[in-house]
Amino acid sequence: MTDPAFDTSVVIVGAGQAGLSVAFYLRRLGLDPGNDFVILDRGPGTGGAWQFRWEALRLGYAHRVNDLPGMGELDLSFDTADRQAPAKDVVADYYARYEQHFGLQVVRPANVTRVEGLMDGFTVTFDDSSARHGGSAAATAGLTTQQVTTRVLVNATGTWGAPFIPWYPGLDSFRGRMVHTSEYRDAEEFRRQRVAIVGGGTSAIGFLMELEKVAAETTWFSRRPIEFLEEQELNIESGSSSVRQQDEAARQGRALPSIVSTTGVPRSRRIQAAIDRGLLLAQPMFTRVTPHGVVLPDGREVEVDAIIWATGFRPELRHLAPLKLREKSGGITVGQGASWRNSRVFFAGYGPAASTIGANRAGRTIARQVIATLSSFG
């Protein structure tokens, strides 16, 4: 199905849950991996964003990781995976077996830096991104830039590469250490320190529990009261309000709302035990940052040595800037998985399809639409 005028028919950017799901269904619909479609992934290894998560994170701590479509063929399931091993290692292992079993031929590390429009297609520019995650300056200087042309683009980059830290007065004056969720590695780095954890989701709660017996003191700050659910695992599809709000924002081209703000936090056994011992008591958000701490709404200053920003991510879309898909309201208008400004650009794992079940469903839908789009070229 590849047009001789293009290197390939489809480029999928990202090999996380959403990208692999689309690839699975494209293969099932008759496209040949590595020929009819190409997957570019910037990570040095398999596992999508999971490969970069912190060592202490385990499967089942809060968010459920749903199986990839067709994973049953390998006799693998995250429901029966090792809950004692680091989640990043389990996911990376399962994804590696999955890619090999289905022959998906993912190109990595391939950091897509720019997508430009052609007549009835796109030029995708990417480079070796190994230095992005800890490589040396010399390695960065040796990056090799390459290009591939394609009829259709499927963007499945997720959010991990676009961490969000809200601005507060005095933020740049803080003399302690500040890290975002994407940079957090181990609780021992904060031993005997006074730590402020900012955010209302499961990552913030996880950090609080890991630091409980390591840090000298922890203080939890959140913009809104925390709603603890009765469920033990978060299933975003059960939160119809969250899905509806994500869908409405995507269809209107608005910036996507925070998922946790509409779903709440699951009350797992670990979280319930932490609630019972008084650990999970969130304070109202501070008003500003000082060189040595933060200032509360009543004017009191709390001195801290470190601030951990568990404040989420934004969709990673910078490489799509040349296509001018973004609206003045801050987002990209997406309906049924496709951009309304360019119907040959599809978004997997965006908006209402950002959850793991949603990514699988979107993968099937997008694959069918991609085939229909390719067929329209004759």
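With 154, 179, 198 as the choices, which residue is surrounded by 15 or more Cβ atoms within 10 Å (Cβ to Cβ) and more than 30 Å from residue 40 (Cα to Cα)? Reasoning before the result, please.
Values: 154 fails: more than 30 Å from residue 40 (Cα to Cα); 179 fails: more than 30 Å from residue 40 (Cα to Cα).
None of the other options fit; the residue is 198.
Restricting to segment 14-56, count the residues that are touching a Gly at 6+ places or on another chain (Cβ under 7 Å) and either under 30 Å from residue 313 (Cα atoms) or free of Cβ contacts under 8 Å to residues at least 40 places away in the same chain (or both).
The qualifying residues number 14.
Answer yes or no as to whether residue 147 is open to solvent by 70 Å² or more (accessible area, probe 1.4 Å) and modelled with pLDDT of 95 or more. Quick ask: steps written out before the conclusion?
Numbers: open to solvent by 70 Å² or more (accessible area, probe 1.4 Å): yes; modelled with pLDDT of 95 or more: yes.
Yes: the conditions hold for residue 147.
Return yes when residue 300 is at pLDDT 90 or above and open to solvent by 40 Å² or more (accessible area, probe 1.4 Å) and no when it is not. Break it down stepwise before answering.
Working: at pLDDT 90 or above: yes; open to solvent by 40 Å² or more (accessible area, probe 1.4 Å): yes.
For residue 300, the condition - at pLDDT 90 or above and open to solvent by 40 Å² or more (accessible area, probe 1.4 Å) - is met.
Here is a yes/no grid of residues against (1) open to solvent by 40 Å² or more (accessible area, probe 1.4 Å); (2) of a type in the set (A, V, I, L, M):
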site	(1), (2)
27	yes, no
43	no, no
91	no, yes
111	no, no
114	yes, no
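Which one is farthest from residue 156 (Cα to Cα) among residues in segment 328-348 that are modelled with pLDDT under 90 and among the β-branched types (Val, Ile, Thr)?
Per the criteria, the residue is 333.
Conditions first: (1) in a loop (DSSP other than H, G, I, E, B); (2) in contact (Cβ under 8 Å) with a residue 12 or more places away in the chain; (3) farther than 30 Å from residue 271 by Cβ. Residue 4 passes all but one, so which condition is the exception?
(2)
May I ask you to list pairs of residues, at least six apart or on different chains, whose Cβ atoms are under 9 Å apart, with the first in segment 283-304 being under 21 Å from residue 179 (Cβ atoms) and the second being loosely packed, with under 13 Cβ neighbours inside 10 Å and of a type in the set (Ser, Thr, Tyr)?
Final answer for the pair search is 289/173; 290/173; 291/173.
Would you be able to say whether some residue in segment 5-25 is aliphatic (A, V, I, L, M), open to solvent by 20 Å² or more (accessible area, probe 1.4 Å) and farther than 23 Å from residue 126 by Cα?
Residues of segment 5-25 that are aliphatic (A, V, I, L, M), as a first pass: 5, 10-13, 15, 18, 20, 22-23.
From what is left, the residues that are open to solvent by 20 Å² or more (accessible area, probe 1.4 Å) are 5.
Of the ones still in play, those that are also farther than 23 Å from residue 126 by Cα are none.
No, segment 5-25 has no match at all.
Any idea which residue in segment 150-188 is modelled with the lowest pLDDT, counting only those that are closer than 21 Å to residue 55 by Cα and in a strand (DSSP E or B)?
163
Looking at segment 214-237, which of its residues are assigned to a loop (DSSP other than H, G, I, E, B) and at pLDDT 95 or above?
If the condition is that a residue be assigned to a loop (DSSP other than H, G, I, E, B) and at pLDDT 95 or above, then 214, 215, 216 are the ones that fit.
The values are calculated or read from the model by the stated rules, or taken from the named source; none is laboratory data. Quick caveat: nothing in here was measured; it's all calculated off a predicted structure. In this analysis, Cβ positions are derived from the backbone assuming ideal geometry, glycine residues included, and neighbour counts consider all displayed protein chains. Note: accessible area is taken over every heavy atom of the protein model, side chains too, but ligands, DNA and RNA are not part of it. Shrake-Rupley method; radii C 1.70, N 1.55, O 1.52, S 1.80 Å.
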